[in-house]
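The values are calculated or read from the model by the stated rules, or taken from the named source; none is laboratory data. All figures in this text were calculated on a predicted structure; none of them were measured in a lab. Neighbour counts are summed over all protein chains in view; Cβ atoms, including those assigned to glycine, are modelled from backbone coordinates with ideal geometry. These accessible areas exclude ligands, DNA and RNA; they are computed on the full protein's heavy atoms, side chains included. Shrake-Rupley method; radii C 1.70, N 1.55, O 1.52, S 1.80 Å.
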Amino acid sequence: MRPIIAIAKVTFKEVIQDRLLYGSLICAVFLLGFSFLAAGLSFARPERILLDFGLTAVSLSSVLIAILVGAPMIGREFERRTIHVVLSKPVSRFQFLCGKYLGLIFVICANWVLLGAFFLVILKVGGGEIH
């Protein structure tokens, strides 16, 4: 279990440094801000618009990160030739893949928590509530 956790930590740090992650977060924050503006323009149930746009922004951001960051992750290891160094250690291929997967899951969870907190602040400012 120790190699899986070590690979997951390295993957988490690697993905956090990726510019694509920040682009996805910025787009989600803009979508959350747009939901605040769209709710102000609505005349019927603006809290529902806040809720719908906010949940869409959080979900869309998580899906984009999973697809755009997760898909080329293993290919990037082959390009950098770091997979050969890692697999020459006493680490199996299964442990390597599980570590990469777990690191990506940690990034998606961190994204979800960050955007969820931002969404709750916007929802509270907009007058909505969570049921």
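Expressed as an acute angle from 0 to 90° and rounded to the nearest 10, what is the orientation of the C-alpha long axis of helix 19-41 relative to the principal long axis of the chain?
Relative to the chain, helix 19-41 is tipped by roughly 10 degrees.
Can you compute the charge dipole magnitude of the chain about its Cα centre, using +1 on each Lys and Arg Cβ and -1 on each Asp and Glu Cβ, nothing else charged? Give it in debye, rounded to the nearest 20.
About 560 debye.
Accessible area per residue for the range 47-131 in Å², computed with a 1.4 Å probe and the full protein assembly in place, what is it?
On the way: 5320 Å² over 85 residues.
Dividing the accessible area of the range 47-131 by its residue count gives 63 Å².
Using helices alone, I'd like the mean residue ellipticity at 222 nm for the chain: each DSSP H run of four-plus residues gives -39500 (n - 2.57), total over residue count, nearest 500.
Details: 6 runs with 110 residues, N = 131.
So the calculated ellipticity at 222 nm is -28500 deg cm²/dmol.
Find how much the distance from Lys13 to Cys109 grows on full extension, using 0.36 nm per residue of separation minus their present alpha carbon separation; answer in nm with one decimal.
33.2 nm
Regarding the range 1-62, what is the average projected area of its C-alpha convex hull, in nm²?
5.1
Where does the Debye-calculated log10 I(q)/I(0) of the chain sit at q = 0.14, 0.16 Å⁻¹, using only Cα point scatterers of equal weight, no solvent?
Taking Cα atoms of the chain as identical point scatterers yields -0.67, -0.78.
Once phi is turned into ³J(HN,Hα) by the Karplus curve 6.51 cos²θ - 1.76 cosθ + 1.60 with θ = phi - 60°, what whole-Hz value does each residue of the range 91-108 show in order, with x for glycine and proline?
10, 7, 5, 4, 5, 5, 5, 5, x, 4, 5, 5, x, 5, 5, 4, 5, 5
On a 0 to 90 degree scale, rounded to 10, what angle separates helix 46-70 from the longest Cα axis of the chain?
Helix 46-70 sits at roughly 10 degrees to that axis.
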